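Reading through the structure tokens given below for one structure.
The values are calculated or read from the model by the stated rules, or taken from the named source; none is laboratory data. As the structure is a prediction and not an experimental result, all values here were calculated from the model. Note that each Cβ is placed from the backbone with ideal geometry, even for glycine, and that neighbours are counted across all protein chains shown.
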Amino acid sequence: MGAAAPLNPDRPGVDAVLARSRAGVVRLDPAGTAAALARGALVVDTRTETQRAEQGELPGALVIDRTVLEWRLDPTSGSRIPEATGWDVEVVVVCHEGYSSSLAAASLRAVGLHRATDLTGGFAAWRDAGFPVGTGPADVRR
């Protein structure tokens, strides 16, 4: 691997973008995510089909591909899912380790879903904390 590119203040890099996406946001731990699911929050798993097959499913989660996430959850979108009923819907995004889910939740907040957050540590933290892991079938929304 080559040397890292020199820092450029006009190009903050992914770590800075990630830090900004998490600033001021209450992220949920596995217990908080389980409680959110129990109260009716939309828990959205954005892991790939391969990751879910290898790691297991998060019971009760909706599976939405990251490439269409905003369109499926925006209540004004013609491509929304039925659960996308308004801007106040609580959404918890889950990825494998809690990095891409932070960026996805920030994107949902930018769209107007102000209660969007994510699971700290991702599915790995869920599984490691001893919460249930399913084998499917997943509730996949295309």
Selection count, the stretch 53-73, where residues are within 14 Å of the chain's Cα centre (by Cα) and polar (S, T, N, Q): 1
Name the residue, out of Pro59, Pro6, that is more than 26 Å from Ala125 (Cα to Cα) and either out of contact with any Phe, Trp or Tyr (no Cβ under 7 Å at 6 or more places or on another chain) or at pLDDT 95 or above (or both). Pro6
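Okay, residues lined up against (1) in contact (Cβ under 8 Å) with a residue 12 or more places away in the chain; (2) among the small types (Gly, Ala, Ser); (3) more than 28 Å from Gly130 (Cβ to Cβ):
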site	(1), (2), (3)
Asn8	no, no, yes
Ala16	no, yes, yes
Glu70	yes, no, yes
Ile81	yes, no, yes
Gly86	no, yes, yes
Cys95	yes, no, no
Gly98	yes, yes, no
From the list Gly56, Gly40, Gly60, which one is out of contact with any Cys (no Cβ under 9 Å at 6 or more places or on another chain), loosely packed, with under 15 Cβ neighbours inside 10 Å and in contact (Cβ under 8 Å) with a residue 12 or more places away in the chain? Gly40
Assess whether Thr135 counts as being among the β-branched types (Val, Ile, Thr) and within 14 Å of the chain's Cα centre (by Cα). no
Count - residues of the stretch 83-139 that are within 16 Å of Glu54 (Cβ to Cβ), among the aromatic types (Phe, Trp, Tyr) and surrounded by fewer than 20 Cβ atoms within 10 Å (Cβ to Cβ): 0
Out of (1) of a type in the set (Val, Ile, Thr); (2) closer than 17 Å to Leu42 by Cα; (3) out of contact with any Gly (no Cβ under 6 Å at 6 or more places or on another chain), the one Thr135 does not meet is (2)
Pairs under 6 Å by beta carbon, first residue over 12 Å from Pro59 (Cβ atoms) in the stretch 125-142, partner part of a loop (DSSP other than H, G, I, E, B) and not acidic (Asp, Glu), six or more apart or different chains? Arg141/Ile81
Within the stretch 43-53, work out how many residues are surrounded by 17 or more Cβ atoms within 10 Å (Cβ to Cβ) and among the hydroxyl-bearing types (Ser, Thr, Tyr). 1
